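J.: I have a structure I would like to understand better, so I am pasting it below and will then ask my questions one at a time.
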Amino acid sequence: MILRCGNRNLNLKYPQVMGILNVTPDSFSDGGRFSDLGQALYHAEQMFTQGAAIIDIGGESTRPGAKTISVEQELDRVIPVVEAIARRLDVLISVDTSSAQVIISASKAGAHIINDVRSLTREGALAAAASIELPICLMHMNGEPQSMQDNPQYLLPIEQDVLQQLTASVARCEQAGIERQRLIIDPGFGFGKNDQHNYQLLNRLEALQSLKLPLLTGLSRKRMIGSATGQSGAANRVIGSVSAAVICVLKGARIIRTHDVKETVEAMQVVSATFREGND
Ligand code: 9MG
C-alpha cells in the first residue's frame, strides 16, 4: 500500500519509522533561537541517517499536564525547522499540531504529513486540513492532555471505544471533503488511558484493521513501558519500547513513532525481512 504524501510516496507494505523531533524550549540546552535551529537540524539529520522515513516535528507538548501555548509561539518554533529540514534532507516531514494556522503554514513550508492528536477538533482545523492535500493522522484521545490521566474510564471495551471514536473522526473528515485515502489512524497510547487500558489496547490492536486505513502507533518511552519493565527513567525504556513496536507491526501498524530511531529501524528491518517471505 502506498500513501501519497504531497509530492512523495510512502510505501506502507513494510513498516516505516517516524523519528520524534520536539522543538519545545525544554528540549534544548540553551534558549537562543539560532542554536535551537542548529540543534534541531542536527537531531533530524541524525535520525535520517539512522533510517527514519519521517521526522515528526512538534512545538507544543502534549504530555499530561502540559500548558497550551499561543499559535504565534508554535509557528515560531515549528516553521523555521520545517523549512530548514525541507531544504536539507530528503525525508518526509510530519508536523505534530492541532492549530489551523500551523497546519496551513506547515504545508506551505514543505511538510508532507499533519499529525493531530486532537483529530482536527480545534477551531478551524478541519477546514484547514480540507484546504491542503496532505495526509492527516487522526488519534484517539479520552479528554484533553491537561487532565486526561485523571482516572480515565471507559464504558466499552477499550478497543471498541477507540474504534468508535476513530470511525466518527474519519466520517467527520470525509464530510468536510478530506478524502479517505489521506487519512491515517492512531489509537493514542497513553492519551486518557491507564496501564491496563494501554495493554488491553495493544493486545487487541488488530481490531483497528477493520477501518482499512494506515495505522500509526507511538509507545516510545511512555509510562506503560516503564510499568511493565520497572524502568522509571524514560531513557531506560528503549528495549521495552522496541518490543512494543514489534508487537504493533505484527498486529497491523505500519508507522512507528519513536525517540530511538536506530534501534527501532533495526527491529523493523527484521520484521520486513520476515514479511518479504510471506504470501502476497
Ligand atoms: C505527539 N504525540 C505524542 N504521542 C503520540 C502518539 O502516540 N501518536 C501520535 N500520532 N502523536 C503523538
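J.: Could you figure out which of (1) modelled with pLDDT under 95; (2) in contact with a Gly (Cβ under 9 Å, 6 or more places away or on another chain); (3) of a type outside the set (Ser, Thr, Tyr) isn't true of ILE93?
T.: Going through the list (1) modelled with pLDDT under 95; (2) in contact with a Gly (Cβ under 9 Å, 6 or more places away or on another chain); (3) of a type outside the set (Ser, Thr, Tyr), ILE93 breaks only (1).
J.: Looking at the structure I just gave you, is SER107 within 15 Å of the ligand (Cβ to nearest atom) and more than 20 Å from MET268 (Cα to Cα)? Give the derivation first.
T.: On the way: within 15 Å of the ligand (Cβ to nearest atom): no; more than 20 Å from MET268 (Cα to Cα): yes.
Considered against the rule, which asks whether it is within 15 Å of the ligand (Cβ to nearest atom) and more than 20 Å from MET268 (Cα to Cα), SER107 comes out as no.
J.: Take GLU83 and decide whether it is part of a helix (DSSP H, G or I) and either of a type outside the set (S, T, N, Q) or closer than 23 Å to LYS262 by Cβ (or both). Walk me through it before giving the result.
T.: On the way: part of a helix (DSSP H, G or I): yes; either of a type outside the set (S, T, N, Q) or closer than 23 Å to LYS262 by Cβ (or both): yes.
Yes; evaluated as a whole, the condition is true for this residue.
J.: Only one residue in ILE247, ILE239 is of a type outside the set (Phe, Trp, Tyr), more than 16 Å from the ligand (Cβ to nearest atom) and farther than 21 Å from LEU10 by Cα, so which one is that?
T.: On the way: ILE247 fails: more than 16 Å from the ligand (Cβ to nearest atom).
That would be ILE239, the only listed residue that is of a type outside the set (Phe, Trp, Tyr), more than 16 Å from the ligand (Cβ to nearest atom) and farther than 21 Å from LEU10 by Cα.
J.: I'd like the full set of residues that are within 13 Å of the ligand (Cβ to nearest atom) and among the small types (Gly, Ala, Ser), limited to segment 200-227.
T.: The answer is GLY218, SER220.
J.: Next up: For segment 177-191, which positions are more than 16 Å from the ligand (Cβ to nearest atom) and open to solvent by less than 40 Å² (accessible area, probe 1.4 Å)? Spell out how you get there, then give the answer.
T.: We begin by selecting, within segment 177-191, every residue more than 16 Å from the ligand (Cβ to nearest atom); these are 177-181.
Residue satisfying the conditions is ILE178 alone.
J.: Grab the helices (runs of 4 or more DSSP H) fully contained in segment 195-280, keeping just those with 1 or more residues being touching a Phe, Trp or Tyr at 6+ places or on another chain (Cβ under 6 Å) and open to solvent by less than 20 Å² (accessible area, probe 1.4 Å).
T.: Numbers: elements: 195-203, 223-229, 238-250, 261-276.
Fully inside segment 195-280 and qualifying: 195-203, 261-276.
J.: Within the group GLY240, GLY278, GLY226, GLY230, which residue is of a type in the set (Gly, Ala, Ser), farther than 23 Å from VAL95 by Cα and modelled with pLDDT under 95?
T.: On the way: GLY240 fails: modelled with pLDDT under 95; GLY226 fails: modelled with pLDDT under 95; GLY230 fails: modelled with pLDDT under 95.
Step by step, each of GLY240, GLY278, GLY226, GLY230 is checked, and only GLY278 is of a type in the set (Gly, Ala, Ser), farther than 23 Å from VAL95 by Cα and modelled with pLDDT under 95.
J.: Condition (residue is open to solvent by 40 Å² or more (accessible area, probe 1.4 Å), over 18 Å from HIS43 (Cβ atoms), more than 14 Å from the ligand (Cβ to nearest atom) and not basic (Lys, Arg)) applied to segment 82-103: is it met by at least one residue? Steps first, please.
T.: Step one: list which residues in segment 82-103 are open to solvent by 40 Å² or more (accessible area, probe 1.4 Å), which gives 83, 86-88, 90, 101.
Next cut, over 18 Å from HIS43 (Cβ atoms) only: 101.
Applying the additional criterion that residues be more than 14 Å from the ligand (Cβ to nearest atom) yields 101.
Subset that is not basic (Lys, Arg): 101.
Scanning segment 82-103, I find at least one residue that is open to solvent by 40 Å² or more (accessible area, probe 1.4 Å), over 18 Å from HIS43 (Cβ atoms), more than 14 Å from the ligand (Cβ to nearest atom) and not basic (Lys, Arg), so the answer is yes.
J.: Is segment 57-76 home to any residue that is open to solvent by less than 20 Å² (accessible area, probe 1.4 Å), closer than 21 Å to ILE255 by Cα and not β-branched (Val, Ile, Thr)? Walk me through how you get there before you give the answer.
T.: The initial filter retains those residues of segment 57-76 that are open to solvent by less than 20 Å² (accessible area, probe 1.4 Å), namely 57-60, 66, 74.
Restricting the remaining residues to those that are closer than 21 Å to ILE255 by Cα gives 57-59.
With the extra rule that they be not β-branched (Val, Ile, Thr), the set shrinks to 58-59.
Yes, there is a match, as at least one residue in segment 57-76 is open to solvent by less than 20 Å² (accessible area, probe 1.4 Å), closer than 21 Å to ILE255 by Cα and not β-branched (Val, Ile, Thr).
J.: While we're on this one: Could you tell me how many of the residues in segment 162-194 are charged (D, E, K, R), touching a residue at least 40 places away in the same chain (Cβ under 8 Å) and not in a helix (DSSP H, G or I)? Give the steps one after another, and end with the answer.
T.: From segment 162-194, those charged (D, E, K, R) are 172, 174, 179-180, 182, 186, 193; that's our starting set.
Checking which are touching a residue at least 40 places away in the same chain (Cβ under 8 Å) leaves us with 172, 182, 186, 193.
Of the ones still in play, those that are also not in a helix (DSSP H, G or I) are 186, 193.
Looking only at that region, the number is 2.
The values are calculated or read from the model by the stated rules, or taken from the named source; none is laboratory data. Small disclaimer: the values here were computed from a predicted structure and weren't measured. Glycine also receives a Cβ, built like all others from the backbone with ideal geometry; neighbour counts cover every protein chain displayed. Each accessible area value is taken on the protein alone, full model and side chains, heavy atoms only, with ligands, DNA and RNA left out. Shrake-Rupley method; radii C 1.70, N 1.55, O 1.52, S 1.80 Å.
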